[in-house]
Amino acid sequence: MRRRVLLASFGGSLALRRIIAGGGAVLLPARVLRAQGVVAAAPEGVRDDIARWLGAQGLAAALEVRGLGWVAIEDGTDRRHLQLELAFSSPPDEDKEAASERFDQWLASLRGPGRTDFVTALFYKLVLAADVRRADAALIFRVQDETYTVALDEAEGWPTMRGTTGRRRYVRRSVQLPAYGSATAAAARGGVALPAVGAALPERVQRFLKTFFERSVAGTGRPAPVIRLRPLEPGFAAVEAQGLRQLVLPDKNYWELLIVSIELHPAAEGQTSAACSLEGRFSAGLGDRPPPASGYSHDMDPRYRTAMETFADGLLRQLQEELARGAP
């Protein structure tokens, strides 16, 4: 019995691993061994298969396949994943920032109408060629001493690229919002009577954030940003927006992904303290077609920390003004 699986992907159809059972012997897929608690060796031939595929796509000069094997996941458990390590070609005297920027531009150059995102295509090439679960696969890109990891984001259900630290960096800024409480007390302070922190205020703040990002593309001709509203909690509102330009970074050739989280705490004299945490990632790219979530491979912090702080301060000032007018 022979089964052959084909995947329509980056650069055309990919002939994937054939699983053959016959003569009384059965080759168990890696995912079966993993389910039985057995740590499988790297599937034979998968590394060479991927190297040949990169060569067929004309990418072998830019990416070198360095290794493939089961590696422990640093999450305090005994879990392992099948890790494909690749090195991005870089001259020995190239500056780290320049190499990182060139890598981002190289990834952006591989996107285009009718083409699957390269990182996504390579991730699924590994998953199907090695016959492992998505949760058990990972890509590692080495760009000089920077490391970019691609693994399944279980919340998004899609492979996502993260920078060296494996966590998103952020800046944090705080302001005092207009008074809340009774209308009489608010008027005495020159403020607007806002609902208590644990009531409707987080919803109003989240509506403000959503409207802010929607308005940021008005009149630009660009597609509307992809906005995700995080679950509301008492004293907490958050929004993720991607497909943005020139909100934090001045260069119009960068796409931005921003995550704004605002914590609301009662303060002295009936006021509310708002603390804004801003996370940002970016990707180089021309045209009006933003990358997928996995394409925002560079953290804004620490390189653009000052710009992030300036943006967060301005956003909080606008929030103050909106609430002072009784909006949104």
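Show me the helices (runs of 4 or more DSSP H) found entirely inside the range 20-130 where at least 1 residues are modelled with pLDDT under 80.
30-35, 96-109
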| note | Counted residues in the range 215-228 being in contact with a strand residue (DSSP E or B) (Cβ under 6 Å, 6 or more places away or on another chain) and either closer than 21 Å to Leu264 by Cα or of a type in the set (Ser, Thr, Tyr) (or both) come to 1
| said: Can you name every one of the strands (runs of 3 or more DSSP E) wholly within the range 212-284 that holds 3 or more residues which are under 21 Å from Glu309 (Cα atoms)? | reply: 236-244, 254-266, 272-284
| Residue selected from the range 247-276 under the condition of a type in the set (Ser, Thr, Tyr) and surrounded by 18 or more Cβ atoms within 10 Å (Cβ to Cβ), by the criterion modelled with the highest pLDDT | Tyr254
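Matching residues to (1) touching a strand residue (DSSP E or B) at 6+ places or on another chain (Cβ under 9 Å); (2) closer than 30 Å to Ser109 by Cβ:
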position: Pro266; (1), (2): yes, no
position: Ala275; (1), (2): yes, no
position: Gly287; (1), (2): no, yes
position: Met300; (1), (2): yes, yes
position: Leu316; (1), (2): yes, no
| Selected residue (criterion: surrounded by the fewest Cβ atoms within 10 Å (Cβ to Cβ)) from residues of the range 205-232 that are within 24 Å of Leu286 (Cβ to Cβ) and of a type in the set (Val, Ile, Thr) | Thr220
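The values are calculated or read from the model by the stated rules, or taken from the named source; none is laboratory data. Small disclaimer: the values here were computed from a predicted structure and weren't measured. Virtual Cβ from ideal backbone geometry, glycine too; neighbours counted across all protein chains shown.
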